[in-house]
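The values are calculated or read from the model by the stated rules, or taken from the named source; none is laboratory data. Just so it is clear, the model here is predicted, and its values are computed rather than measured. When we count neighbours, we look across all protein chains shown, and the Cβ atoms used for this are built from the backbone with ideal geometry, even at glycine.
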Amino acid sequence: MSPTETPARRLRDAIEPVAMVHVHSEEAREQYEAIGLDRFTGYVLGRAGTLGLPPTPLVLATFGVFEPDMLSGVYEGGLTTATVPDVLAAKQAGALRCLHRVLGEPGRDVEEVVTVLRGGLDGAPSIGKPLFAGLSALDWPGDAWGRLWHATNLLREFRGDAHLAALVAHGIGALESNLLTEALVGIDLRRYTRTRSWPEAAIDAAVDDLVDRALLARDGTLTTRGAAVRHDIEDATEAVLDDVLEGMEHGLDLVVERCTVWSRALREAGAFPDDDGKLQAG
């Protein structure tokens, strides 16, 4: 079974555009600019801010995949301009305005999906999952689309925390993880990695290391060993989702079907990149 066919992966790909409208939508940009931030800085502070006011090393540790000096500068610079409560408010406002614009007034199916997701999240253990734990401490929005957005973000952070732990357990560092993800989902080598601000010299060294470890071929494809390791990482990540899927009982197909429809509409409206590689890479 390929990663895109597993229940946990189907769920992850279905919710990704919904969860990330606070990053990619025009409404998000407008809300962040209103408090003096660009879109990416709003994303960084809005995500880190679920931990309160964390020190920079904690932000680097929890985000994992970004070039550390760049991320440090963005985070620390953003805090000189905006407060965490203001960023969290802008993050939610942008998401809700986008969802209402693109998807219209929420119907009963929205609450049905939220109920299923909450059933899974209620049994999700927070130990070892700092971003999920921080986000779970925030109040649920009163708006139905807002509750869906919050539920998908909780699930995304739960999976992300588990995925970062699986990478570390398999001896894969932050830069190397980007390169292996490119190879797994079929993105041109380095294209996705560069969006995380890694310099070419560091990328060259990481590629050399992965080739020396027989995980990556020079043409950017996974070796047999590399494919096995990368799939093991996916399996380890998704095993952590077992409790969530069990808590959703028989609602997985409903969630995947409805969220796929909403996510397609968001992609077509420009609220999330209409790019399958970006969708699968996260």
Could you say whether any residue in the range 135-149 is in contact with a strand residue (DSSP E or B) (Cβ under 8 Å, 6 or more places away or on another chain), of a type outside the set (Asp, Glu), without any contact (Cβ under 8 Å) to a residue 60 or more places away in the chain and more than 21 Å from Leu51 (Cα to Cα)?
no
Restricting the search to the range 237-259, which residues are over 16 Å from the mean Cα position of the chain (by Cα), part of a helix (DSSP H, G or I) and either of a type in the set (Ser, Thr, Tyr) or closer than 16 Å to Asp109 by Cβ (or both)?
Leu252, Asp253, Leu254, Val255, Val256, Glu257, Arg258
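Tally up the residues in the range 203-248 that are under 30 Å from Asp122 (Cα atoms) and among the aliphatic types (A, V, I, L, M), please. If you could, list the steps in order and put the result at the bottom.
Step one: of the range 203-248, the residues under 30 Å from Asp122 (Cα atoms) are 230-248.
After this cut, where a residue has to be among the aliphatic types (A, V, I, L, M) as well, the list is 233, 236, 239-241, 244-245, 248.
Looking only at that region, the number is 8.
Within the range 193-202, identify whether any single residue is more than 19 Å from His163 (Cα to Cα) and among the basic types (Lys, Arg), and answer yes or no. Full working, then the answer.
Taking the range 193-202 and keeping what is more than 19 Å from His163 (Cα to Cα), we get 194-195, 197-202.
Filter once more, keeping what is among the basic types (Lys, Arg): 194.
Looking for residues that are more than 19 Å from His163 (Cα to Cα) and among the basic types (Lys, Arg), one finds at least one in the range 193-202, hence yes.
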For the range 239-252, state whether one or more residues are within 22 Å of Ala166 (Cβ to Cβ) and among the β-branched types (Val, Ile, Thr).
yes
Considering the range 25-35 alone, what residues qualify as being in a helix (DSSP H, G or I) and more than 14 Å from Arg47 (Cα to Cα)?
Glu26, Glu27, Arg29, Glu30, Gln31, Glu33, Ala34
Long-range neighbours under 6 Å by Cβ, at least six apart or interchain, first residue surrounded by 21 or more Cβ atoms within 10 Å (Cβ to Cβ) within the range 15-33, second part of a helix (DSSP H, G or I) and among the β-branched types (Val, Ile, Thr)
Ile15/Thr152; Val18/Thr152; Ala19/Thr152
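So in the range 26-85, with the set limited to residues that are of a type in the set (Val, Ile, Thr) and in contact with a Phe, Trp or Tyr (Cβ under 8 Å, 6 or more places away or on another chain), which one is nearest to Ser177 (Cα to Cα)?
Keep residues of the range 26-85 that are of a type in the set (Val, Ile, Thr), which gives 35, 41, 44, 50, 56, 59, 62, 65, 74, 80-81, 83-84.
Subsequent filtering for residues that are in contact with a Phe, Trp or Tyr (Cβ under 8 Å, 6 or more places away or on another chain) retains 41, 44, 56, 59, 74.
Numbers: Thr41: 23, Val44: 19, Thr56: 21, Val59: 18, Val74: 21 Å.
Residue satisfying both the conditions and the ranking: Val59.
Under the condition of being in contact (Cβ under 8 Å) with a residue 60 or more places away in the chain and in a helix (DSSP H, G or I), which residue from the range 36-54 is surrounded by the most Cβ atoms within 10 Å (Cβ to Cβ)? Full working, then the answer.
Kept after step one, since they are in contact (Cβ under 8 Å) with a residue 60 or more places away in the chain, are these residues of the range 36-54: 47, 50-52.
From what's left, in a helix (DSSP H, G or I): 47, 50-51.
Working: Arg47: 24, Thr50: 22, Leu51: 18.
Applying the filter and picking the extreme gives Arg47.
Looking at the range 183-197, which of the residues that are assigned to a helix (DSSP H, G or I) and of a type in the set (Lys, Arg) is modelled with the lowest pLDDT?
First pass over the range 183-197, keeping only residues assigned to a helix (DSSP H, G or I): 183-185, 191-194.
Add one more test, that the residue is of a type in the set (Lys, Arg), and what stays is 191, 194.
Numbers: Arg191: 91, Arg194: 94.
Checking each candidate, the answer is Arg191.
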So, in the range 98-114, how many residues would count as being closer than 15 Å to Pro141 by Cβ and either at pLDDT below 95 or not aliphatic (A, V, I, L, M) (or both)?
4
If I filter the range 210-262 down to residues being of a type in the set (Ser, Thr, Tyr) and touching a helix residue (DSSP H, G or I) at 6+ places or on another chain (Cβ under 8 Å), which single residue comes out as surrounded by the fewest Cβ atoms within 10 Å (Cβ to Cβ)?
Thr221
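Considering each residue of the range 216-233, count those that are in a helix (DSSP H, G or I) and either over 10 Å from Ala183 (Cα atoms) or touching a Pro at 6+ places or on another chain (Cβ under 8 Å) (or both), and give that number.
Keep residues of the range 216-233 that are in a helix (DSSP H, G or I), which gives 224-233.
Restricting the remaining residues to those that are either over 10 Å from Ala183 (Cα atoms) or touching a Pro at 6+ places or on another chain (Cβ under 8 Å) (or both) gives 224-225, 228-229, 231-233.
Here the count works out to 7.
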